[in-house]
Amino acid sequence: MFTFQMRVPYSDITAGSHVYYSRYLEWLEAVRTEAFREMGTTLEEYQTKKKLMFPVVECLLKFNKAARYDDLIDIRSWFSEVGKVKFFWDYEIVRDADILVDSKTLHICTTLDEKPVRLPADLVAEMKQHIR
């Protein structure tokens with residue numbers, strides 16, 4: 001499991017004093033970026049050196065409670081399934097003991113011209129260490 005901690009910035013808040021829904025997607029992107037670093041590489045390295053991308057092809061966000069300005073939140077993430085070409089990444093956005101948002105993204109491995117290809121074996125091995 002990967003954990004990313006952040007404090008909700010004012011720029012992510014609506015006039016209704018809660019986080020605007022699309023901001024959660026940006027936070028998930030930040031989590032994925034840091035998780036790849038924890039796994040020993042960066043998304044940029046996959047793109048520039050291995051000519052691979054992992055686009056999101058499906059996303060689910062289930063809102064349980066609102067995050068608000070200045071909340072200290074943890075975003076927990078893990079892989080729930082790793083296949084030959086696709087993988088599922090799951091998330092919980094948590095404040096104290098409350099799960100504010102449950103989320104899941106489906107990714108596929110593609111070349112830079114968006115043709116599906118197999119995930120690299122070394123990446124699959126690393127991802128499988130983080131399955132929950």
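The values are calculated or read from the model by the stated rules, or taken from the named source; none is laboratory data. Keep in mind the model is a prediction, meaning the values are calculated, not measured. Here the Cβ is made from the backbone with ideal geometry for all residues, glycine too, and neighbour counts use every protein chain on show. Note: accessible area is taken over every heavy atom of the protein model, side chains too, but ligands, DNA and RNA are not part of it. Shrake-Rupley method; radii C 1.70, N 1.55, O 1.52, S 1.80 Å.
Observations
- With θ taken as phi - 60° and the Karplus curve 6.51 cos²θ - 1.76 cosθ + 1.60 applied, the whole-hertz 3J(HN,Hα) list for segment 65-75 is 8, 7, 8, 10, 3, 6, 4, 8, 10, 10, 10 Hz, x standing for glycine and proline.
- Relative packing of peptides 33-46, 98-111 - highest average C-beta neighbours within 10 Å first: 98-111, 33-46
- Contact order relative to length of segment 26-132, as percent, for alpha carbon pairs under 8 angstrom and 6 or more apart: 28
- Overall, the accessible surface of the chain at a probe of 1.4 angstrom is composed of carbon and sulfur to the extent of 51 percent.
- Estimated from helices alone, the mean residue ellipticity of the chain at 222 nm is -7500 deg cm²/dmol (sum of -39500 (n - 2.57) over DSSP H runs with n ≥ 4, per residue).
- Each residue of segment 47-60 was assigned a 3J(HN,Hα) from its phi angle through the Karplus expression (A = 6.51, B = -1.76, C = 1.60, θ = phi - 60°), giving 6, 7, 8, 9, 6, 10, 9, 10, x, 6, 10, 7, 9, 10 Hz with x at Gly and Pro.
- Taking ARG76, ARG32, ARG23 as the candidate residues, the one with maximal mean-square fluctuation in a Gaussian network model of the chain, Cα springs under 10 Å, is ARG23.
- Charge dipole magnitude, Cβ of K and R +1, D and E -1 - the chain, Cα centre, debye nearest 20: 380
- Full extension of the chain between PHE88 and GLN129 gives 13.4 nm of extra length, using 0.36 nm per residue less the Cα-Cα distance.
- The residues of the chain expose, per residue, 57 Å² of accessible area to a 1.4 Å probe.
- Amide H partners (placed H, <5 Å) of LEU52, local residues excluded: GLN47
- Ranked from largest, the principal axis spans of the Cα set of the chain equal 43, 28, 23 Å.
- C-alpha center-to-center spacing [segment 50-71, segment 1-38] in angstrom: 8
- Each residue of segment 124-131 was assigned a 3J(HN,Hα) from its phi angle through the Karplus curve 6.51 cos²θ - 1.76 cosθ + 1.60 (θ = phi - 60°); the sequence is 4, 4, 5, 4, 5, 6, 10, 7 Hz, with glycine and proline shown as x.
- For LYS128, a cut-off of 16 angstrom between C-alpha atoms picks up these lysines, skipping any fewer than 8 places away in its own chain: LYS84, LYS86.
- Dipole check for segment 1-77: with +1 at the C-beta of Lys and Arg, -1 at the C-beta of Asp and Glu, and the Cα centre as origin, the magnitude is about 160 Debye.
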